[in-house]
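Below: the structure, in structure tokens.
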Amino acid sequence: MTVRALSAAPEGQSDRAAFVRSVAERGYTSGYRGLRIAESGRRFWIEDVTMWNLVDADGSHHGRAAVFRSWTDVPEDRTGG
């Protein structure tokens, strides 16, 4: 199953930024949990995330990659509020 996430939820942007800074400094970081918003608007938590820098043999940085072990859907608010 492929889940395309557009973005970290607005309330989680600062946590995500700190996680990415840690990756930039250390080369990789593990243990992150963050709220995401799918293209459909569905919200879900990604859990036990490991992210690392993509670096070629010459040491040039080409971005980052990540894997997460699980995700949990956030129940929709059925109260109408």
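As an exercise, use a Förster radius of 35 Å and the Cβ-Cβ distance of ASP77 and ASN53 to find the FRET efficiency, rounded to the nearest 0.05.
Numbers: r = 37 Å, r/R0 = 1.07.
Plugging the Cβ-Cβ distance into 1/(1 + (r/R0)^6) gives 0.40.
Can you tell me, using C-alpha contacts under 8 Å and at least 6 residues apart, the relative contact order of the chain as a whole percent? It comes to 24 percent, rounded to a whole number.
Each Lys and Arg Cβ is given +1 and each Asp and Glu Cβ -1; about its Cα centre, the chain then shows a dipole of about 80 debye.
For the range 30-81, which trypsin sites (Lys or Arg not before Pro) are both in a DSSP coil and crowded by at most 11 other Cβ atoms within 10 Å?
On the way: sites: ARG33, ARG36, ARG42, ARG43, ARG64, ARG69, ARG78; in loops: ARG42, ARG78.
In loop regions of the range 30-81 (DSSP not H, G, I, E or B), the sparsely surrounded trypsin sites (Lys or Arg not before Pro) are ARG78.
We did not get these values from a lab; they are worked out from the coordinates using the rules stated. Just so we're clear, the structure is a prediction, and the values are computed from it rather than from any experiment. Heads up, the Cβs are rebuilt from the backbone with ideal geometry, glycines too, and the neighbour counts pull from every protein chain shown.
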